[in-house]
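Have a look at this one before I ask anything.
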Amino acid sequence: MELTDIQRLAVAEAMGKAIKDMTNPRGGAHGAPTLRTECDDALRQMYEAEGVDRKRIVINGTEVGTLSARLSKPESGTRVSMSDTGEFVRWLRESDGGFDALWRLVTSSKTNQAVIDAATADGELPDGCRVEDYERPATWLGTTLRISVPKVGAALGAELPSAVMGLLGGGQE
């Protein structure tokens with residue numbers, strides 16, 4: 001059957017919507033798993049168990065793309081940390097005032113490092129602080145999927161209906 005341009009557009013749009021429901025990395029309706037979230041979860045499990053951070057996607061012997069983990073960069077360095085809260089607060093009080101407000105800031109796990117960073121911004125190591133080494137390992141950020149449409153078309157070739165092959169560009173690069 002020969003389709004007009006507007007009919008091909010309708011088929012492409014319908015396929016796009018159906019496919020988007022399968023490939024949404026944020027899940028389907030009401031957070032339901034999708035084909036993409038299941039593949040992402042499988043790669044994450046492989047990463048956590050074996051350190052696998054990418055999977056080659058091969059169809060009929062042709063590599064058509066990859067699913068790769070996106071990871072944060074690992075961190076290590078040197079920073080100032082508090083060794084004596086009382087002395088640190090006393091130092092802040094003598095130089096800036098506001099003991100009660102500073103105490104709340106210093107003892108809050110949410111603001112502790114921000115206060116230390118502000119106090120050491122000019123290179124001074126306040127009383128009650130020490131320099132220590134730290135490490136933060138790489139953390140999982142998600143995945144990146146890269147697919148070559150022409151390679152998928154070529155790999156599946158005769159197995160696809162002609163309408164789908166036409167949308168994939170006939171498998172030609």
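Mind grabbing the base-10 log of I(q)/I(0) for region 61-138 at q = 0.20, 0.23, 0.24, 0.27 Å⁻¹? Debye formula, identical points on the C-alpha positions, no solvent, two decimal places.
Debye intensities relative to I(0), on a log10 scale: -0.88, -1.06, -1.12, -1.31.
Another question, if that's okay. Using a 1.4 angstrom probe with every protein chain in place, what is the largest-first accessible-area order of Trp91, Trp103?
From most accessible down to least: Trp103, Trp91.
Among Met22, Pro161, Asn112, pick out the residue whose Cα is farthest towards the positive end of the charge dipole of the chain, where Lys and Arg carry +1 and Asp and Glu carry -1 on C-beta, about the Cα centre.
It is Pro161, whose Cα lies furthest towards the positive end.
Hey, another quick one. Quick one: compute the contact order of region 31-83, relative version, from alpha carbon pairs under 8 angstrom and 6+ residues apart, as a percent.
So the answer I get is 21 percent.
To continue, here is another question. With charges only on Cβ, +1 for K and R and -1 for D and E, what is the dipole size of the chain about its Cα centre, in debye, rounded to 20?
Computed about the Cα centre, the dipole is about 660 debye.
Classify region 1-69 from the C-alpha gyration tensor, please: rounded if a/c falls under 1.5, else prolate or oblate depending on whether a/b exceeds b/c.
It is oblate, given that a/c is not under 1.5 and a/b is not larger than b/c.
Once a ≥ b ≥ c are taken as the square roots of the eigenvalues of the Cα gyration tensor of region 30-89, is the result rounded (a/c under 1.5), prolate (a/b larger than b/c) or oblate (a/b not larger than b/c)?
Note, shape of region 30-89 comes out prolate.
What does the accessible area per residue of the chain come to in Å², with a 1.4 Å probe and no ligands, DNA or RNA counted?
Value for the chain: 70 Å² per residue.
Carbon and sulfur atoms: what percent of the 1.4 Å accessible area of the chain do they account for?
51
Leaving ligands, DNA and RNA out of it, work out the accessible area of Ile6 with a 1.4 Å probe and give it in Å² to the nearest 10.
130
How much accessible area does Phe99 have with a 1.4 Å probe, in Å² rounded to the nearest 10?
Accessible surface of Phe99 is approximately 80 Å².
Still on this structure, please answer the following. Tell me what the chain gives for mean residue ellipticity at 222 nm when only DSSP H runs of n ≥ 4 count, each as -39,500 (n - 2.57), the sum divided by the residue total, rounded to 500 deg cm²/dmol.
Calculated mean residue ellipticity at 222 nm is -13500 deg cm²/dmol.
Pairs of Cα atoms under 8 Å, at least six residues apart: use those to get the relative contact order of region 1-73, whole percent.
This gives 15 percent for region 1-73.
With contacts defined as alpha carbon pairs under 8 Å and 6 or more residues apart, what's the relative contact order of the chain in percent?
Relative contact order comes out at 23 percent.
Follow-up question, since we're still on this one. Could you list, in their original order, any pairs among Lys17/Lys55; Lys20/Lys110; Lys73/Lys151 whose Cα atoms are separated by more than 28 Å?
Lys20/Lys110; Lys73/Lys151
Here's a follow-up. How do 139-147, 71-79 rank on mean C-beta neighbours within 10 Å, highest first?
139-147, 71-79
For the pair Ala114 and Ala49, how long in nm is the line joining their label points, each one 7 Å along Cα→Cβ?
Placing both labels 7 Å beyond Cα along the Cβ direction yields 4.1 nm.
Looking at (i) 1.10; (ii) 1.05; (iii) 1.29, which value of Rg/Rh (Cα atoms, Kirkwood Rh) comes from a calculation on the structure shown?
Checked against the structure: label (iii).
Hey, got a sec? Which GluC sites (Glu not before Pro) in region 1-47 land in a DSSP loop and have at most 13 other Cβ atoms within 10 Å?
Glu2
I'm a student and want to see the number: the projected area of the Cα convex hull of region 98-157, averaged over all directions, in nm².
8.5
The values are calculated or read from the model by the stated rules, or taken from the named source; none is laboratory data. Computed from a predicted structure; not experimentally measured. Neighbour counts run over all protein chains shown; Cβ positions are idealised from the backbone, glycine included. Please note that ligands, DNA and RNA were not included when accessible areas were found on the heavy atoms of the full protein model with its side chains. Shrake-Rupley method; radii C 1.70, N 1.55, O 1.52, S 1.80 Å.
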